[in-house]
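Notes follow the structure.
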Amino acid sequence: MQIERFDPKTDAESLRACFEMTQAGWPVDHPDEPPWAYDSFAGKWESGYGTAPRQAWLATDESGDPVGGYLLLLPDQENLTAADCRLVISPARRRAGLGGVLLAHCAGQARQAGRTRLTGHVRDGSPGAGFAAAAGARGGIPEVIRTLTIDAGTPALLTALRAEAEPFAVGYTLLSWLGVTPAEHLGQVAAVHGAMADAPRDDGVEPRVWTAERVREAEQSMIDHGLTLYSVAARHDASGNLAALTQVITEADTPDWAFQQITAVLSGHRGHRLGLLVKIGVIGLVMAREPAVRRFQTGNAGANAHMIAINEQLGYAIGGLNRTWQLDIAGQPGPSPAALPAALP
Ligand SMILES: CC(C)(COP(=O)(O)OP(=O)(O)OC[C@H]1O[C@@H](n2cnc3c(N)ncnc32)[C@H](O)[C@@H]1OP(=O)(O)O)[C@@H](O)C(=O)NCCC(=O)NCCS
């Protein structure tokens, strides 16, 4: 078996092999999530997940058939001791030790890049969770996945919730936009992203530091990969500053789904039901523009009581739990990547 690095931007065959293995495992690995379309997967492997340096590797057997692969992300702005590993083994080739070999390879690459811990994000109860635990990784705080199903009663529910919340939000005005954030709001959108710093997160994980430029890059990358981005913000009329923001994406290949991104309220503006109001606003906006959307998916740290209360009011139902696992890779001898293939099963 061979493990070879490839460039996802130029090697479409290797990229497609990784996609097909991911897709084949989807019903078991992510039972209540819509599968990714190829374009979305390719975008994520080529340049999604931010601008961090990345390595893509494909493992093939003696006949040249793909058996597994991974994408290694090396954050370069914060979490500089960590590397994130997205590892997949073809479902037909699982439980034969290949995952362990690829993980060791990935850890070797991460260690060479100066990293001391490897992270991976998986659903509780999935093969990935069993694998991470067996590898000696530590599970972080659970992220509860919730789904809102749009039905005939949704518009009336949104109207009633809005009427109840609006009296608490006097002095704020909702704004919305489609696509990248207009230049005039960029700095403030970065500030609202910064408010996520006090959302619950795993030990040892540093929050992202947001700048206007980083917001622009992240949003542009989504648009470049065919996603539609909806934003609803609440502006504090007296200061003219943005106080709250929510963003949702949709993509053409999964027309019945919308995916919640950030929802945050700046600390000085909490208690005005702005989180609920911006979410009501964005659900209404997506429903009006994309009537095919039937489900909104969101994920929140289990301890994020305020956000969860908002989601429950809106009718979100709990799906699965996801969490990030961290594996300490400091001080392990680590296989020399060049020596690995000989040792593979
Ligand atoms: C997780 C994954 C990479 C494991 O690949 P694999 O080749 O089957 O892993 P290994 O054969 O090396 O398994 C090593 C050990 O992990 C544990 N493990 C692996 N799959 C498991 C499962 N389905 N349930 C429980 N434990 C499991 C076992 O302890 C296993 O040893 P054993 O088979 O001797 O009992 C594979 O299932 C996969 O691609 N999943 C989807 C993507 C994913 O979750 N990636 C992990 C990101 S951290």
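With just the Cα atoms defining each centre, how far is segment 1-46 from segment 252-274? Give it in Å. Distance between centres, Cα-based: 28 Å. Working from label points 7 Å from Cα in the Cα-to-Cβ sense, the Met196 to Leu157 distance is 2.5 nm. Each label point was placed 7 Å from the Cα along the Cα-to-Cβ direction; for Thr173 and Ala134 their separation is 5.9 nm. For segment 281-330 versus segment 102-139, the inter-centroid distance based on Cα atoms is 25 Å. The modelled label-to-label distance for the pair Asp32/Arg289, using points 7 Å beyond Cα in the direction of Cβ, is 2.8 nm. Applying the criteria of a DSSP loop state and at most 12 other Cβ atoms within 10 Å to the trypsin sites (Lys or Arg not before Pro) of segment 81-112 yields Arg95.
When Ser231, Ser47 are sorted by how many other C-beta atoms sit within 10 angstrom of their C-beta, beginning with the fewest, the order is Ser47, Ser231.
The Cβ shell under 11 Å around Pro127 holds other residues with a net charge of +2, Lys and Arg each +1, Asp and Glu each -1. Using DSSP to define loop residues, name the GluC sites (Glu not before Pro) in segment 22-129 whose beta-carbon has at most 13 other beta-carbon atoms within 10 Å. Answer in residue order: Glu62, Glu78. The ratio of the alpha-carbon radius of gyration of the chain to the globular-protein estimate 2.2 N^0.38 Å is 1.04.
Compared with the direct C-alpha span, the chain from Ile223 to Lys9 gains 75.3 nm at full extension, assuming 0.36 nm per residue.
So what is Rg over Rh here for segment 5-125, counting just Cα atoms and using Kirkwood for Rh? When Rh is taken as the Kirkwood radius, the ratio is 0.94. Taken over the C-alpha atoms, segment 144-322 has Rg and Dmax values of 15.5, 44 angstrom.
FYI, it's all coordinate maths here, none of it is from the lab. Since this is a predicted model, take the numbers as computed values, not measurements. Positions of Cβ are generated from backbone atoms using ideal geometry, with glycine treated the same way; all protein chains shown enter the neighbour counts.
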